[in-house]
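Here is the structure we will look at, set down as structure tokens.
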Amino acid sequence: MTDTAAHEIAQVNIARLKFPLDSPQLKDFVDGLDPVNAAADGSRGFVWRLQGDSGNATDVPVLGDDWLIVNMSVWRDTDALTAFMYQGLHRELLSRRREWFERLAEAVTALWWVPAGHRPTVAEAEERLLHLRAHGPTPYAFTLRTSFPPGETAENGRVSRSA
């Protein structure tokens, strides 16, 4: 049996904006960022989140596309992440995502286990997301719907990229 305390779950999700961040159409989304991030920071099982100079990650480049924004965080486990995602203000904003973001055909969210204390980079997150798009869910990059236990992680904290 694997000690899950030795691992934490990293998640990345991206979204392509329909409008510029400073547009009136995105005002509710932008106004919700600080309260949602504060709720995440105070959530049970929250470990870390990516932040740029603005205190959120909207100014962090991802996949070379200026219209994409990234959200990346680390949680104790998938239960903690799921509990945050589907309650409170985050749930309210999530229900409005089609107003603000394009619907993308490819995967926009990827999860993977990291050794406790590891803080993933944007490059690492991009690699995991692209792997998920190319191979579907594997221990290297997966989804909440098709997840893998941390026991799939190799001794050095990395997992096989094989599908």
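Scan region 79-98 for residues that are over 22 Å from residue 122 (Cβ atoms), open to solvent by 60 Å² or more (accessible area, probe 1.4 Å) and of a type outside the set (Asp, Glu) and report the count.
7
In region 1-14, which residue that is open to solvent by less than 20 Å² (accessible area, probe 1.4 Å) and in contact with a Phe, Trp or Tyr (Cβ under 6 Å, 6 or more places away or on another chain) is farthest from residue 107 (Cα to Cα)?
By that ranking, first place goes to 9.
Do you know which residues across region 100-126 are open to solvent by 80 Å² or more (accessible area, probe 1.4 Å) and farther than 15 Å from residue 14 by Cα?
The answer is 119, and nothing else.
Out of the residues in region 23-49 that are more than 26 Å from residue 123 (Cα to Cα) and charged (D, E, K, R), which is most open to solvent (accessible area, probe 1.4 Å)?
44
If I filter region 7-65 down to residues being in contact with a Ser or Thr (Cβ under 7 Å, 6 or more places away or on another chain) and among the polar types (S, T, N, Q), which single residue comes out as nearest to residue 148 (Cα to Cα)?
That would be 11.
Which one is nearest to residue 129 (Cα to Cα), of the residues in region 71-104 that are touching a strand residue (DSSP E or B) at 6+ places or on another chain (Cβ under 7 Å) and among the hydroxyl-bearing types (Ser, Thr, Tyr)?
My answer is 73.
Scan region 59-78 and give yes if some residue there is of a type in the set (S, T, N, Q), under 17 Å from the mean Cα position of the chain (by Cα) and within 20 Å of residue 123 (Cα to Cα), otherwise no.
For region 59-78, residues of a type in the set (S, T, N, Q), under 17 Å from the mean Cα position of the chain (by Cα) and within 20 Å of residue 123 (Cα to Cα): present.
Say whether the condition of being touching a residue at least 40 places away in the same chain (Cβ under 8 Å) and farther than 21 Å from residue 111 by Cβ is met by at least one residue in region 36-58.
no
Any residue in region 98-126 that's touching a residue at least 12 places away in the same chain (Cβ under 8 Å): show its pairings with residues that are exposed (fewer than 13 other Cβ atoms within 10 Å of the Cβ) and among the small types (Gly, Ala, Ser) at Cβ separation under 8 Å, as long as the two are six or more apart or on different chains.
Matching pairs, first to second residue: 116/5.
Of everything in region 59-96, what is within 19 Å of residue 110 (Cβ to Cβ) and of a type outside the set (A, V, I, L, M, F, W, C)? Give them in sequence order.
61, 64, 65, 71, 73, 76, 77, 78, 79, 82, 86, 90
The values are calculated or read from the model by the stated rules, or taken from the named source; none is laboratory data. Note that the coordinates shown come from a computational prediction; the quantities given were computed from them, not determined experimentally. Positions of Cβ are backbone-derived with ideal geometry, glycine not excepted, and every protein chain shown enters the neighbour counts. Protein only, heavy atoms only, side chains kept; ligands, DNA and RNA dropped before computing areas. Shrake-Rupley method; radii C 1.70, N 1.55, O 1.52, S 1.80 Å.
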